[in-house]
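Chemist: A single structure is presented below for examination.
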Amino acid sequence: LAQQRLLIKGGKVVNDDCSVVADVYVEDGVVQQVGPNLNPEPPAGLVVLDATNKLVIPGGIDTHTHMQFPFMGSRSKDDFYTGTKAAIAGGTTMIIDFAIPQKGCSLIEAFDRWKSWADPKVCCDYALHVAVTWWSNKVKEEMKSLVQNKGVNSFKMFMAYKDLYMVNDEELYAAFSCCKELGAVAQVHAENGELIAQGAKKMLAMGITGPEGHELCRPEDVEAEATQRAITIANAVNCPLFVVHVMSKSAARVISNARREGKVVYGEPIAASLGTDGTNYWNKDWAHAAAYVMGPPLRPDPSTPGFLMNLLANDDLSVTGTDNCTFDICQKALGKDDFTKIPNGVNGVEDRMSVIWEKGVVSISRCLNVEQNARISVILGVVLFCKHRTISAKTHHQANNFNIFEGMICHGVPVATVSRGKVVYEGGAFNVTAGEGKYVSRPPFPPYVYKRVRQREQV
């Protein structure tokens, strides 16, 4: 990114310990000074942003996206250009996407493929998780190479999607052990894939083919059981565990209880589970109902979002992503007569920070931005936050013709986004081109996580 000398004047600067009205001076992409009435010299070439009556917060990190993901007979609508451009409009200055190999295929080749898709297109910084969809000595060696040579420090295992990505308990144990040895964080999609497969057969045999069948065959117990099993296996090898897209009260309680017992586990609710619910699966408009289909599903209990938000506010749940994986109404129609063929995925990369502000304003500075940046140990951007908007597919920048938050009025919206010292979005206008974002290497043994792992080892 072309560097700018930038002065952000008069905003309320939000850090993890306090908020204070101050100026922020940025040079060479790095915050150089924070304080009252700054007057950096020389004045020539200095870009000034007026942040009066606005919050100045660290750029958001979306921990979970799937851009241009080939999945379930289609490919997600948001590619690395439209997806990261939408992220910037929403105040997010870094995404972490997933490189996912097919069973029997190379992890390194998958990483290289995803990186080749991203590098020419990204408008903001990005990193990559890598999925482990099978197990062998080759996989173990490739995990080691990815950690040591490619800047990968997280690996995702699927406990669902039987015969596609799902791994069994023995493979989970081996993968968690390898993560622990390499200083990586293990991630899981926690659902019991066998019970889902049997439940789907049962629903279809009963003649239930619509989107409601998707939730009915994957009830909360299926998510909670897999979450408990993953935590138990990870704890057996003292491996830090990150449970992605926490969707239900039951799974959240399992994580909360484990954390109170001292286990090193982190839960990731997403914008969708915090901002809407699964009652939409019973909408009489099939296209509307199908638009909400994702795995794990949203829960029909309308009190779930508030429950998850409370746990996020008190750190029982830890960070927020989106699982942004957009399929338009035509793509969703692949499952018109069979809910198991509806491509799973929803939007959120542009909406996440505003939705979480709206649903949990009192805890946003701690749970959404400041600690996420601190945990990954990079300062990526700055966002000026104020104003309000009504979320709509007609005005969003995501490449989809449906928005699951349609009509939600949000009272916290990015006014300007700064990435690597450059104003890339201001007042609805972009100042960024494809490929300006950078790949961010993440080191092994991240101290925020592995400090606790080492303490447990000593005990």
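The values are calculated or read from the model by the stated rules, or taken from the named source; none is laboratory data. On a predicted model such as this, the values are computed, not experimentally measured, just so you know. Cβ sites come from the backbone with ideal geometry, for glycine too, and all protein chains shown count toward neighbours. In case anyone asks, the SASA skips ligands and DNA or RNA and just uses the protein heavy atoms, side chains included. Shrake-Rupley method; radii C 1.70, N 1.55, O 1.52, S 1.80 Å.
Chemist: Whenever you get a sec, line up Arg352, Arg420 from highest to lowest accessible area (probe 1.4 Å, protein heavy atoms).
Modeler: Numbers: Arg352 0, Arg420 85 Å².
Correct descending sequence by accessible area is Arg420, Arg352.
Chemist: Accessible area per residue for the stretch 180-296 in Å², computed with a 1.4 Å probe and the full protein assembly in place, what is it? Provide the component values of the computation, followed by the final result.
Modeler: Values: 3760 Å² over 117 residues.
Here the per-residue accessible area is 32 Å².
Chemist: For the chain, what D do you get in µm² per second when you plug the Kirkwood radius from alpha-carbon pairs into Stokes-Einstein at 20 °C and 1.002 mPa s? Don't skip to the answer; put the middle values down first.
Modeler: Working: Rh = 22.2 Å.
Approximately 96 µm²/s, per Stokes-Einstein.
Chemist: Multiply the residue gap between Asp221 and Ala434 by 0.36 nm, knock off their C-alpha separation, and tell me the result in nm, one decimal place. Write down the numbers at each step before the final one.
Modeler: On the way: separation 213, 0.36 × 213 = 76.68 nm, distance 4.29 nm.
Once the chain is fully extended between Asp221 and Ala434, it gains 72.4 nm.
Chemist: Order 122-131, 424-433 from most to least packed using the mean count of other Cβ atoms within 10 Å.
Modeler: 122-131, 424-433
Chemist: Next up: Over the stretch 393-459, what is the mean sequence separation of C-alpha contacts under 8 Å (at least six apart), divided by residue count, expressed as relative contact order in percent? Numbers along the way, then the final one.
Modeler: On the way: 27 pairs, mean separation 8.5, N = 67.
Averaging sequence separation for qualifying contacts and normalising by length gives 13 percent for the stretch 393-459.
Chemist: Please state the relative contact order of the chain as a whole percent: Cα pairs under 8 Å, 6+ residues apart?
Modeler: Working: 1104 pairs, mean separation 96.2, N = 459.
For the chain, the relative contact order is 21 percent.
Chemist: Here is a further query. Determine the calculated [θ] at 222 nm for the chain from helices alone, applying -39500 (n - 2.57) to every DSSP H run no shorter than 4 residues and normalising by the residue count; nearest 500 deg cm²/dmol. Don't skip to the end; give the middle numbers.
Modeler: Details: 15 runs with 148 residues, N = 459.
Per the formula, -9500 deg cm²/dmol.
Chemist: In nm, to one decimal, how far is the Glu181 label point from the Lys284 one, both placed 7 Å along Cα→Cβ?
Modeler: Once both label points are built, they end up 5.9 nm from each other.
Chemist: Which semi-axis lengths, in whole Å and largest first, follow from the square roots of five times the eigenvalues of the Cα gyration tensor of the stretch 97-184? If you can, show how the numbers build up before the last one.
Modeler: Details: eigenvalues 94, 45, 24 Å².
Value: 22, 15, 11 Å, ordered largest first.
Chemist: Let me check something: with ligands and nucleic acids excluded, how do Arg5, Arg113 order by accessible area (1.4 Å probe), largest to smallest? If you can, show how the numbers build up before the last one.
Modeler: Numbers: Arg5 50, Arg113 100 Å².
Final ranking, largest accessible area leading: Arg113, Arg5.
Chemist: Give me the one-decimal nm value for the distance between modelled label points at Asn238 and Glu457, 7 Å along each residue's Cα-to-Cβ direction.
Modeler: Simple spin-label model gives 0.6 nm for this pair.
Chemist: Further question: On average, how much area does the Cα convex hull of the stretch 182-250 cover when viewed from any direction, in nm²? Write out the running numbers ahead of the final one.
Modeler: Numbers: hull surface 20.8 nm².
Mean projected area of the Cα convex hull: 5.2 nm².
Chemist: What do you reckon, how do Trp282, Trp135 stack up by accessible area (1.4 Å probe), largest on top?
Modeler: Details: Trp282 120, Trp135 65 Å².
Of Trp282, Trp135, the descending order of accessible area is Trp282, Trp135.
Chemist: Give me the percent of accessible area attributable to carbon and sulfur for the chain, probe 1.4 angstrom.
Modeler: Values: 8930 of 17080 Å².
Carbon and sulfur atoms account for 52 percent of the accessible area of the chain.
Chemist: Okay, moving on. Going down the table (Lys77/Lys332; Lys103/Lys332; Lys263/Lys451; Lys103/Lys336; Lys201/Lys341), which pairs top 18 Å between alpha carbons? Could you put the intermediate results ahead of the total?
Modeler: Working: Lys77/Lys332 11 Å; Lys103/Lys332 25 Å; Lys263/Lys451 13 Å; Lys103/Lys336 28 Å; Lys201/Lys341 13 Å.
Checking Cα-Cα distances, Lys103/Lys332; Lys103/Lys336 exceed 18 Å.
Chemist: Still on this structure: What helices in the chain pass both tests, a Cα length along the helix axis of 15 Å or more and a mean Kyte hydropathy of 0.0 or higher, using whole DSSP H runs?
Modeler: On the way: long enough: 107-118 (17 Å, -0.28); 137-149 (18 Å, -1.22); 169-182 (20 Å, -0.07); 193-205 (18 Å, 0.29); 220-236 (24 Å, -0.28); 249-260 (16 Å, -0.70); 447-458 (16 Å, -1.97).
Helix filter hits for the chain: 193-205.
Chemist: Within the chain, what percent of beta bridges assigned by DSSP are antiparallel, to the nearest 5?
Modeler: Details: 32 of 69 bridges.
Around 45 percent antiparallel, to the nearest 5.
Chemist: Only Lys, Arg, Asp and Glu count, each charged at its Cβ (+1, +1, -1, -1), so figure out the dipole size of the chain about its Cα centre, rounded to 20 debye. Please list the in-between numbers first.
Modeler: On the way: 47 positive and 49 negative charges, 62 e Å.
The calculated dipole for the chain is roughly 300 debye.
Chemist: Hey, if you put +1 on the Cβ of every Lys and Arg and -1 on every Asp and Glu Cβ in the chain, which of Cys410, Val383, Ala399 ends up farthest toward the positive end of that dipole?
Modeler: Value: Val383.
Chemist: List the lysines whose Cα sits under 18 Å from the Cα of Lys54, skipping any in the same chain fewer than 8 residues away.
Modeler: Lys9, Lys12, Lys387
Chemist: How much accessible area per residue does the stretch 1-107 have, counting only protein heavy atoms and a probe of 1.4 Å, in square angstrom?
Modeler: On the way: 4170 Å² over 107 residues.
It amounts to 39 Å² per residue over the stretch 1-107.
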